[in-house]
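Since every read-out is calculated from the coordinates, none of them should be taken as a lab result. What you are looking at is a predicted structure, and each value in this text was computed from that prediction instead of being measured. We place every Cβ from the backbone using ideal geometry, glycine too, and count neighbours over all the protein chains shown.
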Amino acid sequence: MRASAARTLATGTTMPLSRQPSPMSQQSHQPSLLNRIARVLLCLVFIQALIGKLTGFAGVAGAIAAKGLPLAPVLLVAAMALMAVGSALVISGWKARLGAVLLLVFLVPTTLLFHGDVADKMERIQLFKNLAIMGGLLLVADQDSRA
């Protein structure tokens, strides 16, 4: 490759100029409007669930205890913290990867424990909804790791 068409990296390899980030993109890490809207929409389900857990704390703690899990109120508070902090980070775009991971830490075990009965049509719908949300969170985590 010609020197004008490629830049030599510190490792001694060259990267075509067409694949190098532009100086403008290096200076601005501002997500697009579409990206910001997507992050809000992705987290709406967690915000709605958080409100439901706050207003129906005893009932939700009872449902957790009914699954045989110890310290249901403590687990519920931890779940609420994961949802609140994770959603705030994803929506704000600050430490969005961490926020996505926090939401996944909540969502994966919740899905396995509460929506694993694929024979039940409604549980199957919840399972696939949660899998789709997991996909969105993985995209946020991947996108933020490249920023």
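At a glance:
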{"item": "Calculated from backbone phi, Karplus (6.51, -1.76, 1.60) coupling profile of the range 38-55 in Hz, x at Gly/Pro", "result": "4, 5, 5, 4, 4, 8, 4, 5, 6, 5, 4, 5, 4, 4, x, 6, 5, 7"}
{"item": "R146/A81 FRET efficiency (R0 35 Å; Cβ-Cβ; nearest 0.05)", "result": "0.80"}
{"item": "Sequence-distant lysines (8 or more away, or on other chains) whose Cα lies within less than 23 Å of K67", "result": "K53, K121, K129"}
{"item": "³J(HN,Hα) computed for each position of the range 122-127 - Karplus, 6.51 cos²θ - 1.76 cosθ + 1.60, integer Hz, glycine/proline x", "result": "5, 5, 5, 4, 4, 4"}
{"item": "L131 versus F57: modelled label distance in nm, points set 7 Å from Cα along the beta carbon direction", "result": "3.6"}
{"item": "Amide N proximity, the range 78-92 versus R36 label position 7 Å along Cα-to-Cβ, cut-off under 20 Å", "result": "86-92"}
{"item": "For peptides 85-98, 68-81, sequence by mean Cβ density within 10 Å, most packed first", "result": "85-98, 68-81"}
{"item": "For the range 91-102, 3J(HN,Hα) per residue [Karplus equation, 6.51 cos²θ - 1.76 cosθ + 1.60, θ = phi - 60°, Hz, x = Gly/Pro]", "result": "5, 6, x, 7, 6, 4, 4, 4, x, 4, 5, 4"}
